[in-house]
Amino acid sequence: MAGFYRLQSMPAPLGPSGDVLPCMRKQNASAVLAAASALKVPTSNPARKAPAFQPTVDDVTVFENHILLSQQGKFARIPYLVGHNANEAGFYKIATYAQGSTLTAKQWDDFNMQTFFCPSNLEAAHRSRRHTPVWRFQYNADLENTRLYPTSGAYHGVKFNIIFGASADTTGIAESDAQRQLQDQMRSAWGSFIADPQPGLEALGWPIYNPEGDFTRV
């Protein structure tokens, strides 16, 4: 984690890279939070502040030229399921408003495209062109008991309420019949892919993604 080496407010020096994990385990939560708050993290997008601790490029696990590697087909040739929500920005708007910032509709649209939609498209297209089975989906359900505010829509992370069925427990609003049906369908699809990635989704009628032909995003 690159952020570890820039933290000057930790109670003890971190030392060589091999000492980072043992050192961090000795710190209490208050010390870590204080250090994270003191760390100035560069950001390239006004809609999303980068976390203080995050993976950094080491060209072993995280590669600087990952887009080129993907274009060249240097990825695991295994079935791939990729998707995003229709309004990922709906979640991030809360933190942005809390910081006193107001972005235009175009800025939020650009954020959705740059951070979620386009990366999903590129990853899927590169795999498809290398004859690797890939399926794409977009989650677009706007449900009463998952809504953060009237226009939050299908925001970042909301689909996990469907997969794990926790929305009623969280909001106190009962699930509708349509919501329970959607839960069954999504759990069946994800479960089929996990159990048998190659033919699992085909058996459910999901078309394999083909960027050159008809639009095949579920």
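Data table
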quantity	calculated
Tally of residues being at positive phi and under 20 Å from the mean Cα position of the chain (by Cα) across the range 68-107	0
The range 87-101 residues that are closer than 10 Å to Phe111 by Cβ, paired with ones that are loosely packed, with under 12 Cβ neighbours inside 10 Å (beta carbon under 8 Å, 6 or more apart)	Thr96/Thr102
Residues that are exposed (fewer than 12 other Cβ atoms within 10 Å of the Cβ) and assigned to a helix (DSSP H, G or I), drawn from the range 163-179	Phe164, Asp169, Thr170, Asp177, Ala178
Residue count for the range 57-72, restricted to those that are surrounded by 11 or more Cβ atoms within 10 Å (Cβ to Cβ) and not in a loop (DSSP other than H, G, I, E, B)	5
Test set (1) surrounded by fewer than 17 Cβ atoms within 10 Å (Cβ to Cβ); (2) not in a helix (DSSP H, G or I) - Ser152 fails condition number	(1)
Total residues in the range 165-218, condition farther than 22 Å from Ala124 by Cβ, under 22 Å from the mean Cα position of the chain (by Cα) and modelled with pLDDT under 90	4
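The values are calculated or read from the model by the stated rules, or taken from the named source; none is laboratory data. Since we're looking at a predicted model, the values are computed, not measured. Note that each Cβ is placed from the backbone with ideal geometry, even for glycine, and that neighbours are counted across all protein chains shown.
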